[in-house]
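Read through the structure below, which is laid out as structure tokens, and then see the notes.
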Amino acid sequence: MTHIWIIGMMIVLLTGCAGTDSLRGSLQGRRGELVYLHDSAKAAEKQGGTVKIGSFVVDDVLPPSTTVEEKSSFVLPLIFLNVWKYDYESSLGSAQIENDYKQFIRESFIDELNRTGKFSYAEGNGDIEIDLKIKEVKMAAPIHKNGHFIFAVYAFVWGQYTSAGPVDAVVIADAVLKKDGKELFSRELLGRGRAGILKGKNLQLGDYTTAMIEAMSLAIKDLNEHIVKEINTI
Amino acid sequence: MVANFSELSHWWTLLGIAVMLVCIRGQRPRPISTGNQILRPVSLVLIFFLCACAEPARYIVISEDAKDVRWEHTGQRFICLSKEDARNTPDLLALYTKSDIQKYEGKQKDVGDPIAGVLYHLIRADYHAANELLHKHEDHIPAYVRTMLKADLAYENAEDNVPPDKVVKLYQDAFELQPCAIGRTIIQLRIRQLRYRR
């Protein structure tokens with residue numbers, strides 16, 4: 001009898017009260033590459049003009065390593081009926097990205113320009129020039145954990161459910177397009193990416209790092225497509 | 001195309017276990033007749049055969065103009081052939097389960113066509129043999145099949161571990177050449193699977 005009590009209380013304490021450290025550990029245990037498929041429709045033909053990149057600055061838009069913050073918590077410890085619910089918010093860190101994310105953003109932009117731009121990309125002199133500054137990445141990556149422990153004197157029922165996602169990533173950039181030193185446009189452009197919800201019995205929280213990297217990859221892809229679309233309107 | 005991601009083989013296994021439990025439970029309290037003593041093991045064997053037969057194939061070869069493509073399992077991968085190439089390999093098309101593949105193995109004698117040869121090894125999950133044959137007949141296999149097979153075989157680690165970004169690059173090459181929309185959709189799915197591969 002005493003054993004059941006001890007085991008029951010330990011389960012409640014260990015699982016219900018497991019904090020951000022264990023979540024952070026799970027998320028930091030996984031790494032992945034920013035990568036995506038270029039599936040936008042190729043430009044039918046190039047117009048003959050060229051575009052060069054004047055400056056391409058990527059600020060330190062990601063924290064050094066993945067973080068987890070507790071947003072809210074609810075615990076109902078009634079000994080015979082115990083319920084808990086925790087909401088966390090995580091954020092992707094650069095340590096979890098295997099490739100150099102700054103280089104990836106630049107290279108993938110050039111790939112997109114070559115693929116869908118009506119102007120050809122030029123490394124040297126170009127007819128038009130674009131200055132880009134990637135200034136911010138916003139990421140909403142929630143994790144929800146809830147569970148219950150019902151103690152019925154000679155038996156107990158225990159269950160815990162974790163779900164994570166969806167991950168919403170937004171990459172924000174300033175783009176300035178110039179021709180012969182004259183500004184054609186200057187605006188802030190956004191790229192959005194979303195990765196699905198992870199849940200179920202086989203959920204491994206390490207996969208959530210992959211989901212965050214996936215959302216970030218898709219957001220970069222969306223941003224690149226927007227910038228090239230803007231250039232094509234010239 | 002019906003995108004149904006249910007894990008069919010798991011359901012069959014669960015059904016088998018459920019029937020087994022019913023049989024075992026039934027054996028305890030009641031005396032069993034001789035007929036039942038024979039029938040029960042036979043029915044169990046049949047159920048296990050059913051489970052094995054319904055196991056979905058990993059790679060399914062389809063034709064560009066296939067109308068009833070059933071996508072039942074996230075592990076299923078399609079190789080889409082152009083109408084002309086599909087005409088040369090009619091027996092390889094739409095082998096959805098492992099038992100379909102076994103039947104095909106039973107009747108197939110000689111694989112003269114290089115595409116059929118590589119696909120034969122691929123659907124049997126003999127990726128090293130498929131890779132060898134692909135390299136041997138590389139010049140005789142159309143680019144849209146060759147690029148897709150190279151990417152798939154890289155995914156399956158037919159060669160030394162290929163880093164994920166290289167596999168995505170191979171899929172990118174294949175994407176541009178796919179003759180049917182499902183081929184392109186499947187590539188997107190494969191890249192997602194590649195990300196979450198452990």
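Which of (1) of a type in the set (A, V, I, L, M); (2) farther than 19 Å from residue A:205 by Cα; (3) touching a residue at least 60 places away in the same chain (Cβ under 8 Å) does residue A:44 not meet, given it meets every other one?
Condition not satisfied by residue A:44: (3).
Considering only residues that are in contact with a strand residue (DSSP E or B) (Cβ under 7 Å, 6 or more places away or on another chain) and either open to solvent by 20 Å² or more (accessible area, probe 1.4 Å) or within 14 Å of another protein chain (Cβ to nearest Cβ) (or both), which ones fall in region B:133-181?
Correct list: B:148, B:178, B:179.
On the basis of being of a type in the set (D, E, K, R) and open to solvent by less than 50 Å² (accessible area, probe 1.4 Å), does residue A:145 make the cut?
yes
Of (1) open to solvent by 50 Å² or more (accessible area, probe 1.4 Å); (2) touching a residue at least 12 places away in the same chain (Cβ under 8 Å), residue A:223 satisfies all except one. Which?
In the conditions (1) open to solvent by 50 Å² or more (accessible area, probe 1.4 Å); (2) touching a residue at least 12 places away in the same chain (Cβ under 8 Å), residue A:223 misses (1) alone.
I'd like to verify a number: residues in region A:201-218 that are more than 22 Å from residue A:20 (Cβ to Cβ) and open to solvent by 20 Å² or more (accessible area, probe 1.4 Å), how many?
3
From A:76, A:81, A:113, which residue is without any contact (Cβ under 8 Å) to a residue 40 or more places away in the chain and either open to solvent by less than 30 Å² (accessible area, probe 1.4 Å) or in contact with a strand residue (DSSP E or B) (Cβ under 8 Å, 6 or more places away or on another chain) (or both)?
When all the criteria are applied, what remains is A:76.
Just checking, does region A:143-160 include any residue being within 30 Å of residue A:55 (Cα to Cα) and not in a loop (DSSP other than H, G, I, E, B)?
The answer is no; no qualifying residue exists.
Quick check: anything in region A:162-173 in a helix (DSSP H, G or I) and either touching a Ser or Thr at 6+ places or on another chain (Cβ under 7 Å) or on the phi > 0 side of the Ramachandran plot (or both)?
Looking for residues that are in a helix (DSSP H, G or I) and either touching a Ser or Thr at 6+ places or on another chain (Cβ under 7 Å) or on the phi > 0 side of the Ramachandran plot (or both), one finds none in region A:162-173, hence no.
Is it the case that some residue within region A:145-155 is at pLDDT below 95 and closer than 21 Å to residue A:96 by Cβ?
Within region A:145-155 (the criterion being at pLDDT below 95 and closer than 21 Å to residue A:96 by Cβ), the answer is yes, since at least one residue qualifies.
For region B:187-198, how many residues meet the condition of being facing chain A (nearest Cβ under 8 Å), of a type outside the set (Lys, Arg) and crowded, with 18+ Cβ neighbours inside 10 Å?
2
Only one of (1) loosely packed, with under 13 Cβ neighbours inside 10 Å; (2) away from chain B (no Cβ under 14 Å); (3) basic (Lys, Arg) fails for residue A:52. Which number is that?
(1)
Against the conditions (1) closer than 29 Å to residue A:163 by Cβ; (2) assigned to a strand (DSSP E or B), where does residue A:61 fall short? Just the number, please.
Of the numbered conditions (1) closer than 29 Å to residue A:163 by Cβ; (2) assigned to a strand (DSSP E or B), the odd one out for residue A:61 is (2).
Search region A:175-195 for residues being more than 22 Å from residue A:24 (Cβ to Cβ) and within 14 Å of chain B (Cβ to nearest Cβ), and hand back the single one that is most open to solvent (accessible area, probe 1.4 Å).
Pass one, region A:175-195, residues more than 22 Å from residue A:24 (Cβ to Cβ): A:175-194.
Now drop any that are not within 14 Å of chain B (Cβ to nearest Cβ), which leaves A:193-194.
Working: A:193: 8, A:194: 144 Å².
Looking at the filtered set, the residue picked out is A:194.
Failed condition for residue A:95, given (1) in a helix (DSSP H, G or I); (2) more than 19 Å from residue A:21 (Cβ to Cβ); (3) of a type outside the set (Ser, Thr, Tyr), with all others met?
(2)
If the requirement is being more than 15 Å from the chain's Cα centre (by Cα), part of a strand (DSSP E or B) and more than 14 Å from chain B (Cβ to nearest Cβ), which of these qualifies: A:72, A:90?
A:72
Has region B:171-178 got any residue that is among the small types (Gly, Ala, Ser) and more than 20 Å from the chain's Cα centre (by Cα)?
No, every residue in region B:171-178 fails to be among the small types (Gly, Ala, Ser) and more than 20 Å from the chain's Cα centre (by Cα).
Out of the residues in region A:116-132 that are in a loop (DSSP other than H, G, I, E, B) and open to solvent by 20 Å² or more (accessible area, probe 1.4 Å), which is nearest to residue A:20 (Cα to Cα)?
Among those that are in a loop (DSSP other than H, G, I, E, B) and open to solvent by 20 Å² or more (accessible area, probe 1.4 Å), it is A:123.
Of all residues in region A:156-173, which are open to solvent by 50 Å² or more (accessible area, probe 1.4 Å) and over 13 Å from the mean Cα position of the chain (by Cα)?
A:156, A:157, A:158, A:160, A:161
Identify the single condition in (1) touching a residue at least 40 places away in the same chain (Cβ under 8 Å); (2) open to solvent by 20 Å² or more (accessible area, probe 1.4 Å); (3) over 30 Å from residue A:75 (Cα atoms); (4) hydroxyl-bearing (Ser, Thr, Tyr) that residue A:108 does not satisfy, given that it satisfies every other one.
Going through (1) touching a residue at least 40 places away in the same chain (Cβ under 8 Å); (2) open to solvent by 20 Å² or more (accessible area, probe 1.4 Å); (3) over 30 Å from residue A:75 (Cα atoms); (4) hydroxyl-bearing (Ser, Thr, Tyr) one by one, residue A:108 breaks only (2).
Has region B:126-143 got at least one residue that is modelled with pLDDT of 90 or more, of a type in the set (Lys, Arg) and closer than 30 Å to residue A:32 by Cβ? Before you say what the answer is, go through the steps one by one.
Taking region B:126-143 first, the residues modelled with pLDDT of 90 or more are B:126-143.
Subset that is of a type in the set (Lys, Arg): B:136.
With the extra rule that they be closer than 30 Å to residue A:32 by Cβ, the set shrinks to none.
Within region B:126-143, none of the residues are modelled with pLDDT of 90 or more, of a type in the set (Lys, Arg) and closer than 30 Å to residue A:32 by Cβ.
Return only the number of the condition from (1) at pLDDT below 90; (2) within 18 Å of the chain's Cα centre (by Cα); (3) open to solvent by less than 40 Å² (accessible area, probe 1.4 Å) that residue B:184 does not satisfy.
(3)
The values are calculated or read from the model by the stated rules, or taken from the named source; none is laboratory data. A quick note: this is a predicted structure, and the numbers were derived from the prediction, not measured. Neighbour counts are summed over all protein chains in view; Cβ atoms, including those assigned to glycine, are modelled from backbone coordinates with ideal geometry. Note: accessible area is taken over every heavy atom of the protein model, side chains too, but ligands, DNA and RNA are not part of it. Shrake-Rupley method; radii C 1.70, N 1.55, O 1.52, S 1.80 Å.
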